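Undergrad: Structure below; questions to follow.
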Amino acid sequence: MFTAPSASSAIRAALFTLLTFGALTACTAPAERAPGVGEAADEASIDDADEDTVARATPAAYAHGDPHSAARPDQIAIRHLTLDLTADFDAQVLRGRASLTLDRRDPSADVLHLDTRDLDIVRVRLDDASDDAPYTLDPPDPRLGRALHVPVGPDVEIVHVDYATRPEAAALQWLTPAQADSEAPFLFSQSQAILARTWVPCQDTPAVRMTYDATVRVPPGLLAVMSAENPVAPTADGVYTFRMPQAIPSYLLAIAAGDLRFQSMGARTGVYAGPKVVEMAAWEFAETEAMIEQTEALYGPYRWGRFDVLVLPPSFPFGGMENPRLTFATPTILARDRSLVALIAHELAHSWSGNLVTNATWDDFWLNEGFTVYLERRIMEAVKGGPYAEMLAQLGMQDLRATVADLDADGQRRDTWLHLNLAGRDPDDGMTDVAYEKGYFLLRALEEAVGRERFDVWLQGYFDRYAFQSLDTATFVDDLRTHLLADTPAAEAVDIDAWIYGPGLPPQTPRVASAAFAQVDAARTRWLESEAIAPTGVPWDDWSTHERLHFLRGLPDAIDAARMAALDATFTLSDTGNSELRHAWLHHVIRNDYAPGYPSLEAFLGGMGRRKFVAPLFERLVETPAGLARAQALYARFRPGYHAVTQGTVDALLASASADSE
Ligand code: BES
Ligand code: ZN
């Protein structure tokens with residue numbers, strides 16, 4: 001995708017030309033919609049939406065306790081957003097209007113405080129008045145942007161903000177047809193954690209929930225989609241309307257547009273992707289409906305109507321993003337053998353943990369991600385069996401131990417608490433494996449202490465008690481003590497405070513023991529301790545992706561050139577189209593300066609922009625002076641193709657490595 005002149009085209013073909021978009025064909029059909037379960041309920045207007053789906057007041061304790069937002073939802077909260085936006089691909093700008101419906105919580109409040117960053121505010125109007133209303137903008141903060149203050153008299157109900165985004169809007173990536181490997185350009189957003197404010201003026205805190213509707217205009221022929229009810233085919237005029245009848249926090253606002261096709265997978269599931277990928281993706285994700293059914297059986301109904309997956313161009317900076325009704329996913333999970341679909345289970349799980357019950361601030365991020373990893377593994381256990389889920393848990397434990405060791409080594413021990421303290425910092429700093437995996441292991445420790453049955457009853461109740469609300473860690477602890485631990489003496493074995501308000505891994509951390517991985521360990525040891533150069537005795541062909549990954553991760557740091565060559569030849573590692581295996585292998589390539597592997601590294605870094613792969617590989621490169629030079633040269637070429645989220649991380653990493661080397 002990115003213009004990488006010297007990247008090996010064979011390797012790029014294997015991994016990413018499947019992402020090529022076909023010719024752009026304008027279609028004259030009116031916007032059709034995919035059928036949704038609960039369609040009738042969804043047809044109701046937003047005003048009479050199910051009681052249950054309407055935002056409930058956020059507890060006062062954290063109503064204005066979000067250090068990353070200027071909003072004061074304890075005074076005035078936004079309860080509905082209407083967007084009218086035109087996408088100008090030439091200027092790389094979204095232009096239009098955000099109309100915000102106010103929910104007055106403090107009758108004496110007379111100013112609406114909004115978050116914006118890199119927005120050009122054209123004018124503000126109140127209700128039906130045609131004249132401009134006064135407003136002020138604070139000086140910009142590089143991360144938080146500029147607070148927008150709008151005086152609002154006691155009767156004002158709607159604030160209209162006319163504005164335009166800038167090409168550098170950090171949430172948005174505007175891809176040229178060449179970058180999108182398509183005849184059409186492509187646009188997508190990534191709002192989490194605090195980037196919604198770079199494309200919509202809003203109360204950009206997860207403590208506020210709003211319904212929304214939108215009119216979006218894109219060049220005819222392109223299909224536009226959002227985290228809302230979606231069309232399944234392009235309109236003749238490129239105008240689309242959207243409705244999101246359930247109240248969501250701003251970080252779940254999402255938009256994409258490009259030469260997209262829709263393919264149905266089941267009654268309430270489907271895939272949006274480029275024409276060359278869509279069929280393959282629908283095959284890859286065919287287990288989605290079964291995953292939804294299993295999750296519903298465990299934790300109650302799926303409350304969002306449809307669950308569709310949008311496969312993005314390879315520069316999408318995350319593995320997946322749980323945008324409601326339309327999960328955004330990286331194409332790097334298209335392994336052609338369904339081996340990386342735990343990511344779909346993960347994003348689906350967010351429909352309960354995160355989208356339904358939401359962290360109140362980014363300090364409580366583990367409430368989103370730890371719960372989601374727990375659900376993800378329960379879903380995978382239900383769909384693929386216990387041994388499969390245990391492999392995932394063991395890989396998670398490896399990640400967690402490595403992250404805790406790194407944070408400790410960097411003097412960042414505070415970041416190994418579950419409850420974070422991110423005031424004055426980028427919320428991104430808290431998005432580590434601690435939230436995901438330490439969070440998971442706390443829930444697993446509780447499950448093991450009280451028994452699965454009781455634990456599931458509590459968890460299902462938790463989703464009901466806090467549905468469509470945001471909660472903080474203290475509220476979670478109260479709920480846990482009241483509804484689970486009160487009459488379960490066995491649970492005292494789990495020191496909740498040590499897990500949440502303390503560093504590292506507490507002594508009662510559950511043991512993970514995958515029997516399959518024990519066999520992998522044995523096979524690896526046999527090979528390493530033998531005289532054999534080639535790993536011919538290793539039963540690679542019998543192994544799943546996860547066993548292969550465990551094998552690669554467990555190899556020693558130093559591997560001689562002959563054995564590197566033998567590994568590469570026997571298991572075709574440099575050419576593998578499985579992104580997880582490719583990533584694990586490339587760490588060995590760099591560590592061992594294995595020259596024949598560099599074209600593969602280059603093709604990989606130039607072929608996708610998923611931060612989880614890009615950043616660790618650059619980090620590995622900068623460990624040596626020669627590697628630093630290589631990193632700088634590669635990054636100079638590939639940076640323009642990366643999304644701002646990935647750019648931000650790698651910019652910082654290379655700046656600090658370059659400074660250290662001087
Ligand atoms: N919500 C996250 C992605 C995210 C987190 C974006 C924080 C911005 C800030 C998403 O659900 C996620 O966790 N994605 C993971 C995949 C998952 C299987 C662990 C990813 O992108 O790697
Ligand atoms: Zn997640």
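The values are calculated or read from the model by the stated rules, or taken from the named source; none is laboratory data. Just so you know, these numbers come straight off a predicted model, no measurement behind them. Here the Cβ positions follow ideal geometry from the backbone for every residue, glycine too, while neighbour counts run over all protein chains shown. The area values use the complete protein model at the heavy-atom level, side chains included, leaving out ligands, DNA and RNA. Shrake-Rupley method; radii C 1.70, N 1.55, O 1.52, S 1.80 Å.
Undergrad: Extent of region 322-397 along each principal axis, from alpha carbon coordinates, in Å, largest to smallest?
TA: On the principal axes, region 322-397 reaches 36, 25, 19 Å in Cα extent.
Undergrad: At q = 0.11 Å⁻¹, what log₁₀ I(q)/I(0) does region 543-620 have when each alpha carbon counts as one equal point scatterer in the Debye sum?
TA: Scattering profile of region 543-620, log10 relative to I(0): -0.24.
Undergrad: Right, next: Which value, in Å², gives the accessible area per residue of the chain when a 1.4 Å probe is used on the protein heavy atoms? Each step should come with its number before you reach the end.
TA: Working: 23780 Å² over 662 residues.
I get 36 Å² per residue for this part.
Undergrad: Taking Lys384 as the anchor, which aspartates and glutamates have their alpha carbon closer than 18 Å to its alpha carbon, excluding any fewer than eight residues away along the same chain?
TA: Correct list for Lys384: Glu284, Glu287, Glu289, Glu293, Glu296, Asp337, Glu347, Glu376, Asp542, Glu547.
Undergrad: First compute the accessible area of region 336-445 with a 1.4 Å probe, then give the percent of it belonging to carbon and sulfur atoms.
TA: Details: 1370 of 2980 Å².
Carbon with sulfur: 46 percent of the solvent-accessible area.
Undergrad: Which log10 I(q)/I(0) values, to two decimals, does the chain give at q = 0.10 Å⁻¹ under the Debye formula with one point per Cα?
TA: -0.95
Undergrad: Provide the FRET efficiency to the nearest 0.05 for the Ala486-Ala286 pair, computing r from the beta carbons and using R0 = 51 Å.
TA: Numbers: r = 43 Å, r/R0 = 0.84.
Working from the Cβ atoms, E equals 0.75.
Undergrad: As an exercise, identify the GluC sites (Glu not before Pro) in region 364-414 lying in DSSP coil whose Cβ has no more than 16 other Cβ atoms within 10 Å. Mind showing how you got there, number by number?
TA: Details: sites: Glu369, Glu376, Glu381, Glu390; in loops: none.
Sites meeting the loop and neighbour criteria: none at all.
Undergrad: Using a 10 Å cut-off on Cβ atoms, rank the peptides 481-490, 546-555 from the highest mean neighbour count down. Before the final figure, lay out each step's value.
TA: Working: 481-490: 13.4, 546-555: 20.8.
In descending order of packing, they fall as 546-555, 481-490.
Undergrad: A further question follows. Using only the Cα atoms of region 375-516, build the gyration tensor, take square roots of its eigenvalues as a ≥ b ≥ c, and label the shape rounded, prolate or oblate: rounded if a/c is under 1.5, else prolate if a/b is larger than b/c, else oblate.
TA: Numbers: a/c = 1.57, a/b = 1.13, b/c = 1.39.
In terms of gyration-tensor shape, oblate.
Undergrad: Under the rule a/c < 1.5 gives rounded, and otherwise a/b versus b/c splits prolate from oblate, where does region 196-312 land using the Cα gyration tensor? Mind dumping the intermediate values first?
TA: On the way: a/c = 2.09, a/b = 1.05, b/c = 1.98.
Cα axes put region 196-312 in the oblate bin.
Undergrad: Still on this structure, please answer the following. Lys612: which lysines have alpha carbons under 23 Å from its alpha carbon, excluding same-chain residues fewer than 8 sequence positions away?
TA: Lys612 reaches Lys438.
Undergrad: At 0.36 nm per residue, and after removing the present C-alpha to C-alpha distance, how many nm does the segment from Ala409 to Asp131 gain when stretched out fully? Working shown, then result.
TA: On the way: separation 278, 0.36 × 278 = 100.08 nm, distance 5.79 nm.
Result for the pair: 94.3 nm of gain on full extension.
Undergrad: Give the distance, in whole Å, between the Cα centre of region 68-117 and the Cα centre of region 553-569.
TA: Spelled out, the Cα-based centre of one part sits 54 Å from the other.
Undergrad: Related question: At 222 nm, what value in deg cm²/dmol follows for the chain if DSSP H runs of at least 4 each add -39500 (n - 2.57) and the sum is divided by all its residues, to the nearest 500?
TA: Working: 19 runs with 224 residues, N = 662.
Estimated from H runs of four or more residues: -10500 deg cm²/dmol.
Undergrad: Quick one: what do you get for region 97-201 if you divide its Cα Rg by 2.2 N^0.38 Å? Don't skip to the end; give the middle numbers.
TA: Numbers: Rg = 16.2 Å, N = 105, 2.2 N^0.38 = 12.9 Å.
After normalising by residue count via 2.2 N^0.38 Å, the value is 1.25.
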